[in-house]
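Nothing in this text is a laboratory measurement; each read-out follows from the coordinates by a stated rule. Since this is a predicted model, take the numbers as computed values, not measurements. Don't worry about glycine lacking a Cβ; one is built from the backbone with ideal geometry, like all the others, and counts go over all protein chains shown.
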């Protein structure tokens with residue numbers, strides 16, 4: 001991750017826009033950088049004040065269903081998602097640019113002896129609202145939190161569902177290429193695949209086939225392997241995600257200077273990733289306690 005730039009020093013402000021004119025209905029951010037702004041409060045009024053078709057990427061992780069640890073008295077059950085959350089996503093669809101994407105990190109909890117189905121219901125509900133369901137990514141956690149789960153194994157995966165507004169959603173795999181693996185075992189495997197052969201004309205006049213070596217860097221897969229967030233947690237937020245998760249999608253789905261929004265900002269991982277990648281960002285978070293750590297995180301870049 002690149003080191004935070006000096007111009008990212010936080011300051012209070014009354015507006016946030018490239019032109020210097022007030023945006024978001026004149027609402028005042030809690031703090032901002034030259035690239036972004038954080039609003040503390042209910043996300044819906046802020047979303048409704050954002051100009052239509054102004055966001056290039058929305059990425060968020062709302063509270064898990066049945067999550068009891070947020071301390072705000074809210075019940076994040078199926079009715080909350082069927083009601084408030086779908087009100088949020090309906091507004092977000094209007095705010096996406098035609099080339100924009102919406103990435104939802106979500107994993108239903110277990111209820112007794114059965115895995116909850118809400119994660120799959122959300123896909124159908126969002127399609128009914130007009131979103132295109134583009135892809136489902138898997139966040140794989142090499143070291144999931146320990147615990148005793150009776151008849152279940154450790155929960156080491158979460159979903160990241162990508163939705164879009166139109167079929168013309170932008171896509172930049174060249175921003176997040178990974179080193180290719182061309183070891184001896186893999187070369188032997190590829191020798192058995194016809195499409196990996198090419199003809200070679202030798203000076204002797206004899207033609208033979210040779211396995212293509214392939215590029216040194218290749219596109220990543222839909223499996224994102226990242227450790228859970230193990231850094232200090234002074235706000236006791238129950239479900240932080242690592243900066244690497246929003247960073248991956250920001251690189252894949254935006255270019256520098258474009259705008260990223262997170263309506264359930266938590267402790268600000270999306271802002272930290274966007275700031276380091278020189279994207280403009282907007283976060284909303286209803287808990288002032290969780291949002292309070294963002295200034296320090298932006299200064300350290302972690």
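Put simply, the C-alpha atoms of the stretch 232-302 give a gyration tensor, and the ellipsoid matching it has half-axes of 20, 12, 11 Å, longest first. If the segment from residue 189 to residue 227 were pulled out straight at 0.36 nm per residue, it would be longer than the present Cα-Cα gap by 10.7 nm.
As a rough guide to protection, the peptides 111-124, 235-248, 28-41 ranked by mean Cβ packing within 10 Å, highest first, stand as 28-41, 235-248, 111-124. In plain terms, the residue of 54, 269 with the fewest other Cβ atoms within 10 Å comes first and the most crowded comes last, giving 54, 269.
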